[in-house]
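Readers should treat all values here as calculations from the given coordinates under stated rules, not as data from a laboratory. Since the model is a prediction, treat every value here as computed from it, not as a measurement. Cβ placement follows ideal geometry from the backbone for every residue including glycine, while neighbour counts extend to all protein chains displayed.
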Ligand SMILES: *Cc1c(COP(=O)(O)O)cnc(C)c1O
């Protein structure tokens, strides 16, 4: 059997992304800023932005370049925040792209004053954010009306309120990790992973199936029956779970562009091997890969051919 093109298929359900966003809007009752950095976690920023435009209050990327190249503001007229450190471009460039820069010191805030800068406050992350003792100067320099922090734990929210609360600023902190904490919702939430985690299915097809005779592969793995899939570490794959004909199986060994998977007696060349979706969750795979759910999602999507379903 020859390898098919496209070898790796990602089916991205835009309807599920939209209903995940709508559920967060309904549950929190605050503006939801959809995080679409890194090409919407590999799902395709242009398509995701179009799907979410009628549901969310705005978008967030890491850089100005990401926001501008996806044309987010032009396509939706919604506010966009570039959450990462500002680049060395004048306020006019941010304004032209309809993007508000995150700033983390008084100099940046003053330089980008005309672009409506948003102060990023350090509440523990210790990375491009303003220390609490410098927030007053930075807020004044930028004429800021809004501040945020990258919160992953409740104490980050408490520290944000201690540093900049009670000043009439619009504040936001929560990403996916704090969506179940009403005290973290403040004046807006910034979910990323929560939008995408149940919306992506990744599948390849079995190129070969055989009964295993003695030690096989590079590592001499043992199995009763194994198959080969056209997906390797150059496609982001690691040893971990897969699913064949609804049965949970193990990816036994990963090479550059192929991998060995464990099979049952009924599995045949051309059958689908699912790496994500159909009940095989990002959580399960992240545990098997010993990494974050975000990393699993981006790795599995990095060379997949994307197909979209669920458009309204
Ligand atoms: C990536 C990011 C988010 C979204 O994080 P998730 O955990 O994927 O929801 C929110 N805020 C900031 C500042 C980020 O960098």
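Looking for whichever is buried (at least 18 other Cβ atoms within 10 Å of the Cβ), more than 30 Å from residue 19 (Cα to Cα) and in contact with a helix residue (DSSP H, G or I) (Cβ under 9 Å, 6 or more places away or on another chain) here; the options are 261, 254. Which one fits?
254
In the set 303, 291, 239, which member is assigned to a loop (DSSP other than H, G, I, E, B) and within 22 Å of residue 49 (Cα to Cα)?
Every option except 303 fails the conditions.
State all residues of region 83-119 that are outside any loop (DSSP other than H, G, I, E, B), closer than 19 Å to residue 131 by Cα and under 23 Å from the mean Cα position of the chain (by Cα); if no residue qualifies, say none.
Selection gives 101, 102, 103, 118, 119.
Yes/no per residue for (1) in a helix (DSSP H, G or I); (2) away from the ligand (no atom under 12 Å from the Cβ); (3) surrounded by 20 or more Cβ atoms within 10 Å (Cβ to Cβ):
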position: 149; (1), (2), (3): no, no, yes
position: 157; (1), (2), (3): yes, yes, yes
position: 168; (1), (2), (3): no, yes, no
position: 172; (1), (2), (3): no, no, yes
position: 202; (1), (2), (3): no, yes, yes
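What are the residue pairs meeting all of these: first residue in region 37-66, first residue within 12 Å of residue 192 (Cα to Cα), second residue assigned to a strand (DSSP E or B) and away from the ligand (no atom under 13 Å from the Cβ), Cβ atoms under 6 Å, and 6 or more apart or on different chains?
Pairs that qualify, where the first residue is within 12 Å of residue 192 (Cα to Cα) and the partner is assigned to a strand (DSSP E or B) and away from the ligand (no atom under 13 Å from the Cβ), are 43/12; 59/80.
Hey, among 119, 139, 112, which residue is buried (at least 20 other Cβ atoms within 10 Å of the Cβ) and within 13 Å of the ligand (Cβ to nearest atom)?
Details: 139 fails: within 13 Å of the ligand (Cβ to nearest atom); 112 fails: within 13 Å of the ligand (Cβ to nearest atom).
Exactly one of 119, 139, 112 is buried (at least 20 other Cβ atoms within 10 Å of the Cβ) and within 13 Å of the ligand (Cβ to nearest atom), namely 119.
Pull up region 61-82, narrow it to residues that are within 16 Å of the ligand (Cβ to nearest atom) and out of contact with any helix residue (DSSP H, G or I) (no Cβ under 7 Å at 6 or more places or on another chain), then point me to the one that is farthest from residue 117 (Cα to Cα).
65
For region 272-293, which positions are buried (at least 16 other Cβ atoms within 10 Å of the Cβ), within 15 Å of residue 196 (Cα to Cα) and more than 17 Å from the chain's Cα centre (by Cα)?
Correct list: 280 only.
Please specify each residue of region 174-200 satisfying the condition of being assigned to a loop (DSSP other than H, G, I, E, B) and either touching a helix residue (DSSP H, G or I) at 6+ places or on another chain (Cβ under 8 Å) or near the ligand (Cβ under 9 Å from one of its atoms) (or both).
Answer for region 174-200, where residues must be assigned to a loop (DSSP other than H, G, I, E, B) and either touching a helix residue (DSSP H, G or I) at 6+ places or on another chain (Cβ under 8 Å) or near the ligand (Cβ under 9 Å from one of its atoms) (or both): 175, 179, 181, 185, 186, 190, 191, 192, 197, 198, 199.
Restricting to region 120-147, what's the tally of residues that are assigned to a strand (DSSP E or B) and within 16 Å of residue 33 (Cβ to Cβ)?
Within region 120-147, residues that are assigned to a strand (DSSP E or B) and within 16 Å of residue 33 (Cβ to Cβ) number 3.
Return the residues of region 25-79 that are touching a strand residue (DSSP E or B) at 6+ places or on another chain (Cβ under 8 Å), surrounded by fewer than 17 Cβ atoms within 10 Å (Cβ to Cβ) and assigned to a helix (DSSP H, G or I); say none if nothing qualifies.
Scanning region 25-79 gives a single hit, 25.
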